[in-house]
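Written below as structure tokens is the structure these notes are about.
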Ligand code: HEC
Ligand code: HEC
Ligand code: HEC
Ligand code: HEC
Ligand code: HEC
Ligand code: HEC
Ligand code: HEC
Ligand code: HEC
């Protein structure tokens, strides 16, 4: 958390010497061989101390760093980890090794000193703001329907949570934590290493679908499975090894460097005259994760400042790098019809059935997950309803139909059947004792509901 770094960084960048080279040690089996690092004189003595000692103490970290673009540009440990003496996250225990105050956390604000555009785009994205979104709309959180350990090992690993640190010692309930929307001690939101893992901070890694698939998977948001099933994913698996993943942003070219798009190509990378972005809401025309599909500007919890027609046009331009206009138009026509089909044929009528049960007090409103129909309704929109829409959006027919619309038909009938039985009996639905409740129901400071 160094505050005056940009100047010293620019000064360092004018030095063109090679920072460090790796030389395999002789006469040792490769798996355990310790590498030697030749540190160039252009690195300050302070910065060299970190590298010298950590090369022995944590060789994995120094090896990754020395492989990175940062090392090649003379960006050292110090540029990212030095802290102001008053920062809450200064590691006290580290003073036994070195006089320079260091902090473990390197927040988006720290990266923003050198990457202001990426940090600004990221800070307005749904990724960075997900804690506020969760506290606005999520019933697990607001109703305390799960407990702290379930949140720490589940939700917070993907979404992030508030990092608590006292005198350089982390609260273990809040660390490790590289969720996309973690709240840092300096007030900034998010973690850049969600997609660019330390200490390579590689652009190639973030461009591959695996970087996204660690969170975008499973029954409720199976984007990686959907991608694997699409022709794009099949071709990526067949020949992606030989594609060029390291080209500079803006110079990474459809048809030249890659033959089919990864998540990053469609959602983030610069493609032809569409600029790259770290705000993943760009290029979207729908909120296909919401119970009722709406336009991003109409998503009440976090209204986008985008115009859905302009964003759709951007997404279409990505396709046009490799497809004809008719192919592209046909695809989006199918998507928009699938959205209407889900909203009108499935979600609205089944929601009306369940709402009637609440009106008749056959279902109770105080605990959202303790009656069978409530769980059925939840999976109806949150699992199958999303899969039908995501499958249609991202070219995965098995998800659109077998994991999607087929399941909506089946579960929709079950919900209607159970509702009929309740109405006939006139008795309130059986309430189960929901296990594992009791999580905090007020948001952390700084997060508005
Ligand atoms: C003389 C050896 C030595 C020097 C010099 C040194 N470190 Fe460390 N550092 C360590 C050891 C040992 C640890 C503890 C590792 C552990 O917890 O297992 C550590 C931990 C860290 C951590 C994690 C913080 C924590 O509280 O666990 C960071 C970040 C770090 N060092 C960065 C730096 C930076 C930046 C420099 C240069 C300003 C530096 N180190 C200089 C030995 C050193
Ligand atoms: C480009 C910025 C950057 C540079 C350069 C950098 N680090 Fe880090 N380092 C990070 C980030 C980000 C994390 C993860 C912490 C977080 O999530 O905020 C981290 C984590 C660490 C940790 C804690 C790891 C753990 O698993 O507990 C240590 C130790 C560390 N760095 C040491 C070093 C050393 C030594 C160097 C130089 C060889 C270095 N770092 C260079 C950004 C950087
Ligand atoms: C002191 C300035 C500085 C800081 C702080 C810094 N970077 Fe960088 N970063 C650079 C420079 C300079 C380059 C370009 C290196 C080159 O390609 O020559 C770069 C390149 C990158 C790249 C592209 C790597 C590639 O494979 O092409 C990524 C990703 C990146 N940085 C992420 C981060 C993240 C994340 C942080 C914070 C954890 C961070 N940087 C902190 C200066 C910095
Ligand atoms: C495996 C990672 C992962 C876990 C675990 C996880 N989520 Fe998510 N969550 C996601 C992703 C990815 C999305 C984005 C879905 C989409 O837009 O397709 C999401 C979406 C959401 C949304 C919808 C946000 C919106 O904009 O509509 C809420 C609310 C939410 N999650 C809350 C939670 C809660 C609460 C938990 C724990 C009970 C949890 N999530 C567990 C990854 C995860
Ligand atoms: C959701 C995943 C994700 C997160 C989180 C993320 N990035 Fe990136 N980043 C990417 C992808 C994908 C690319 C490659 C885009 C392209 O192809 O041009 C990239 C490229 C970059 C580059 C190279 C672009 C350039 O102009 O040199 C930098 C620098 C960078 N990111 C910094 C950051 C910083 C700083 C943060 C945190 C504020 C961050 N990233 C967070 C996915 C991510
Ligand atoms: C560490 C977990 C994580 C990683 C890695 C991650 N995401 Fe996400 N992503 C989320 C969560 C959580 C949400 C839901 C945020 C919300 O709506 O509250 C989300 C939402 C999204 C959305 C929906 C945005 C909107 O406006 O509805 C898109 C698109 C997206 N991510 C794309 C990506 C791409 C592309 C990558 C990889 C380059 C990626 N994500 C990597 C966790 C992650
Ligand atoms: C061929 C381009 C393409 C690829 C590849 C792709 N997507 Fe998508 N994605 C789309 C389109 C198109 C939509 C729907 C856009 C709209 O709203 O009109 C979408 C929707 C989404 C959504 C739902 C956003 C919302 O809020 O409705 C998420 C999340 C997402 N994609 C993440 C990913 C991830 C993660 C990957 C990789 C595993 C990926 N996408 C691969 C084109 C793509
Ligand atoms: C980098 C080039 C590239 C981009 C960008 C691209 N595609 Fe493709 N796409 C391909 C290739 C190659 C195929 C395989 C064609 C074949 O079947 O011979 C393909 C196949 C498809 C298929 C056929 C799926 C099937 O199961 O038959 C659809 C639909 C499709 N793409 C839609 C899109 C849409 C929509 C976009 C933009 C959101 C897009 N593509 C972006 C290269 C691309």
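The values are calculated or read from the model by the stated rules, or taken from the named source; none is laboratory data. Note that the coordinates shown come from a computational prediction; the quantities given were computed from them, not determined experimentally. For neighbour counting, all protein chains shown are included, and Cβ atoms are generated from backbone atoms with ideal geometry for every residue, glycine included.
Can you work out which of the residues in segment 166-214 that are within 16 Å of ligand 7 (Cβ to nearest atom) and closer than 20 Å to residue 148 by Cα is nearest to the chain's Cα centre (by Cα)? Per the stated criteria, the residue is 180.
The set of residues from segment 405-449 being farther than 20 Å from residue 354 by Cβ and assigned to a helix (DSSP H, G or I) comprises just one member, 406.
With respect to residue 244, is the statement that it is more than 16 Å from ligand 1 (Cβ to nearest atom) and in contact with a strand residue (DSSP E or B) (Cβ under 8 Å, 6 or more places away or on another chain) true? Here the answer is yes, as residue 244 does meet what is asked.
Of the residues that sit in segment 176-210 and are assigned to a helix (DSSP H, G or I) and more than 9 Å from ligand 3 (Cβ to nearest atom), which one is surrounded by the fewest Cβ atoms within 10 Å (Cβ to Cβ)? So the residue we want is 210.
Mind checking whether some residue in segment 234-252 is under 23 Å from residue 331 (Cα atoms) and crowded, with 20+ Cβ neighbours inside 10 Å? Yes, that holds for at least one residue.
Entry remark, segment 201-224: residues being touching a residue at least 60 places away in the same chain (Cβ under 8 Å) and more than 16 Å from residue 266 (Cα to Cα) number 6 in total. Among the residues of segment 240-248, is any in contact with a helix residue (DSSP H, G or I) (Cβ under 7 Å, 6 or more places away or on another chain), in contact (Cβ under 8 Å) with a residue 40 or more places away in the chain and either within 23 Å of residue 154 (Cα to Cα) or part of a loop (DSSP other than H, G, I, E, B) (or both)? There is at least one residue in segment 240-248 that is in contact with a helix residue (DSSP H, G or I) (Cβ under 7 Å, 6 or more places away or on another chain), in contact (Cβ under 8 Å) with a residue 40 or more places away in the chain and either within 23 Å of residue 154 (Cα to Cα) or part of a loop (DSSP other than H, G, I, E, B) (or both). Kindly indicate whether residue 173 is in a helix (DSSP H, G or I), away from ligand 3 (no atom under 11 Å from the Cβ), more than 30 Å from residue 401 (Cα to Cα) and not assigned by TED's automatic domain parsing to the domain that holds residue 390. Yes: the conditions hold for residue 173. With respect to the conditions (1) within 14 Å of ligand 8 (Cβ to nearest atom); (2) more than 23 Å from residue 338 (Cα to Cα), residue 242 falls short on a single one, namely (1).
Cβ-Cβ contacts under 7 Å between residues 6 or more apart (or on different chains), taken from a first residue in segment 287-298 that is free of Cβ contacts under 8 Å to residues at least 12 places away in the same chain and more than 14 Å from residue 380 (Cβ to Cβ) to a second residue that is assigned to a strand (DSSP E or B) and away from ligand 5 (no atom under 16 Å from the Cβ), are listed as 294/287. Scan segment 159-173 and tell me whether some residue there is within 30 Å of residue 368 (Cβ to Cβ), more than 16 Å from ligand 1 (Cβ to nearest atom) and at pLDDT below 95. Yes, because at least one residue in segment 159-173 is within 30 Å of residue 368 (Cβ to Cβ), more than 16 Å from ligand 1 (Cβ to nearest atom) and at pLDDT below 95.
Among the residues of segment 390-446, just one is buried (at least 19 other Cβ atoms within 10 Å of the Cβ) and closer than 30 Å to residue 164 by Cβ, namely 439.
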